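Colleague: Got a structure for you, written out below as structure tokens; questions coming shortly.
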Amino acid sequence: MPDKLKPSLDWLLVLVPIAFAIAYIPKLHNDTALFICSGLAIIPLAGIMGRATEHLADHLGHGIGGLLNATFGNAAELIIALLALQKGLIGVVKASITGSIIGNILLVLGVSLAAGGIKFSEQRFNRTAVQTSTASLLLASIGLLIPTIFHFSAAARGGWNPALERRISVAIAVVLFLTYLCTLAFSLVTHKHVLVAQSEDALKPADAEPVWSQSKAFGVLLVSTVFVAWLSEFLVTTVEATRAQLGVTEVFIGVIVVAIIGNAAEHSTAIWMAMKDKLDLSLGIAIGSSLQMALFVAPLLVFVSHFLGHPMDLEFTIPEVVAVIVAVVIVAEISRDGKTNWLEGVQLLSVYLILALLFYFLPAIAN
């Protein structure tokens, strides 16, 4: 029986018809209002997609089910990013990748550790699982750093050009994607007894709800995906107008706003699990989501961008690269002893707020 006290974001579904009304009734149309309503409406739909995926995975067995969960773990962000790519908003796409990574391991994890630490003086977790994930995240950070280093080094030698930048980005994307496949094999096949056993136990029976039928799970997943894609179209279409009206940069919209929208449903679950002293599950959600963005979503977007006619490279701005590396390093440092407290959560939140201020005040790149 599901825990009735668990907070739900499903009440935000009321914004779905409101978003459609703003989009299709001329007298009501307002780009900023449509951006806000669409973004908030995506949050509960992303959560429904996640629940449908989990129920469908229950019918498909551990191997295929685990692969399905891993693949669809960041489906909402992927849909938003693909639509933004289609419209040529490459800056927003790159910023959302950065924002998702730092948002999960600083904002979500910070709130989770702080909330759990207030209730429990000390919480312990599976250090092996966290160190494996943070090591993979550090690899991904290096992958994001290299194209930027290449740009400045090649430019200093007079040999830089966009085509060469895209070629090295594709090569790095292949390496990152292969690493992602290896992490799946590690967690789902060779070392699943180490990494997933405790998380599975944490979900049952207290937090488990009756398993949906396979047809219901598939139908809900299909319908929610269609609505997420539809609302994401509204969101992406109104980015430029909203950015101009609010006086913020494209990078801030991507790093902070779009990243939070895409991950909010997962965020609430991670925080709730930490408050129930199920820190392994909370860490798995927060760090695992960042890992998927860095090793799966980012390379996939590089590959797909070439077919959409807007080739994307992996060259990020220096502030974005620094933000990712700082976030990964501080999480690795905090997780070394296998235990946490509320102060470590506050420390993560402090770093996130400092980085958010950086991106808020960072001037837009001059054309």
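The values are calculated or read from the model by the stated rules, or taken from the named source; none is laboratory data. As the structure is a computational prediction, the values presented were derived from the model and not from experiment. Cβ coordinates were reconstructed from backbone atoms using ideal geometry, including for glycine residues, and neighbour counts include every protein chain displayed. Just the protein is used for accessible areas: all its heavy atoms, side chains included, with ligands, DNA and RNA removed. Shrake-Rupley method; radii C 1.70, N 1.55, O 1.52, S 1.80 Å.
Colleague: Determine the sum of side-chain charges near M293: Lys and Arg each +1, Asp and Glu each -1, restricted to other residues whose C-beta is under 14 angstrom from that of M293.
Modeller: Values: positive: K94; negative: E77, E266, E320.
My count for the surroundings of M293 gives -2.
Colleague: Per residue, how much accessible surface does the chain expose to a 1.4 Å probe? Answer in Å², no decimals. Spell out each step's value before the answer.
Modeller: On the way: 16540 Å² over 367 residues.
Accessible area per residue: 45 Å².
Colleague: Before rounding to the nearest 500, sum -39500 (n - 2.57) across all DSSP H runs of length at least 4 in the chain and divide by the residue total; then give [θ] at 222 nm in deg cm²/dmol.
Modeller: On the way: 16 runs with 263 residues, N = 367.
When only DSSP H runs of four or more count, the value is -24000 deg cm²/dmol.
Colleague: Sticking with this one: Going by average Cβ density within 10 Å per residue, which order do the peptides 312-319, 183-190 take, highest to lowest?
Modeller: Values: 312-319: 20.0, 183-190: 15.9.
Those peptides, ordered most packed to least, come out 312-319, 183-190.
Colleague: Further question: Restricting to lysines 8 or more places apart or on different chains, can you count the pairs in the chain with Cα atoms under 27 Å from each other?
Modeller: Going through the chain pair by pair, I get 26.
Colleague: Run the simple label-point estimate for R336 and Q131 please: 7 Å along Cα→C-beta, distance reported in nm.
Modeller: Result: 1.1 nm between the two label points.
Colleague: Students often get this wrong, so try it: which of [x] 29, 60, 11, 0; [y] 32, 59, 8, 0; [z] 27, 57, 16, 0 is P(r) over Cα pairs in 20 Å bins from 0, in percent as calculated from the structure shown?
Modeller: Computed from the coordinates, P(r) over Cα pairs in 20 Å bins from 0, in percent corresponds to [x].
Colleague: Additional query: Among all helices in the chain defined by DSSP H, which have a length of 20 Å or more along the axis from Cα atoms plus a Kyte-Doolittle mean of at least 0.5?
Modeller: Details: long enough: 31-72 (44 Å, 0.82); 127-156 (43 Å, 1.13); 162-185 (34 Å, 1.48); 214-237 (34 Å, 1.34); 259-275 (23 Å, 0.78); 318-334 (24 Å, 2.60); 342-361 (29 Å, 1.76).
Answer set is 31-72, 127-156, 162-185, 214-237, 259-275, 318-334, 342-361.
Colleague: Rank-order 291-303, 148-160 by packing density, defined as the average count of other C-beta atoms within 10 Å over each peptide's residues, highest first. Walk me through the numbers before you get to the answer.
Modeller: Working: 291-303: 24.1, 148-160: 12.5.
Per-residue Cβ counts within 10 Å, averaged per peptide and sorted highest first, yield 291-303, 148-160.
Colleague: For the chain, modelled as a GNM with alpha-carbon contacts under 10 angstrom, which of S213, S169, S335 fluctuates the most?
Modeller: Result: S213 has the largest fluctuation of those listed.
Colleague: Round to the nearest 0.05 the FRET efficiency obtained for K87 and A21 when R0 = 25 Å and r is the Cβ-Cβ distance. Show your work: numbers first, answer last.
Modeller: Details: r = 23 Å, r/R0 = 0.91.
E between K87 and A21, to the nearest 0.05, is 0.65.
Colleague: Another one. Under a Cβ-only charge scheme (Lys and Arg +1, Asp and Glu -1), can you give me the dipole magnitude of the chain about the Cα centre, in debye to the nearest 20? Write down the numbers at each step before the final one.
Modeller: Numbers: 20 positive and 24 negative charges, 24 e Å.
In total the dipole reaches around 120 debye.
Colleague: Compute the FRET efficiency between L308 and V346 as 1/(1 + (r/R0)^6), taking r as their Cβ-Cβ distance and R0 = 45 Å, and round to the nearest 0.05.
Modeller: Step by step, r from the Cβ atoms, then E = 0.60.
Colleague: Excluding M49 itself, what net charge comes from residues whose Cβ is under 13 Å from its Cβ, given Lys and Arg +1 and Asp and Glu -1? Spell out each step's value before the answer.
Modeller: Values: positive: R51; negative: D10, E54, E77, E266.
Taking every Cβ under 13 Å from that of M49, the sum is -3.
Colleague: Considering only the other residues whose Cβ falls under 14 Å of the Cβ of A171, what net charge follows from Lys and Arg at +1 and Asp and Glu at -1? It would help to have the intermediate numbers written out before the result.
Modeller: On the way: positive: R166, R167; negative: E165, D313, E315.
My count for the surroundings of A171 gives -1.
Colleague: Which order do the peptides 235-241, 22-28, 262-268, 122-128 come out in when sorted by mean C-beta neighbours inside 10 angstrom, highest first?
Modeller: Numbers: 235-241: 20.9, 22-28: 12.1, 262-268: 23.9, 122-128: 15.9.
The packing order, highest mean first, is 262-268, 235-241, 122-128, 22-28.
Colleague: Can you send over the carbon and sulfur percentage of the accessible area for the chain, probe radius 1.4 Å, protein chains only? Before the final figure, lay out each step's value.
Modeller: Values: 11420 of 16540 Å².
Carbon with sulfur: 69 percent of the solvent-accessible area.
Colleague: So the label point goes 7 Å from the Cα of S121 along Cα→C-beta, right? Which residues of segment 328-356 then have their backbone N under 17 Å from it?
Modeller: The answer is 339-344.
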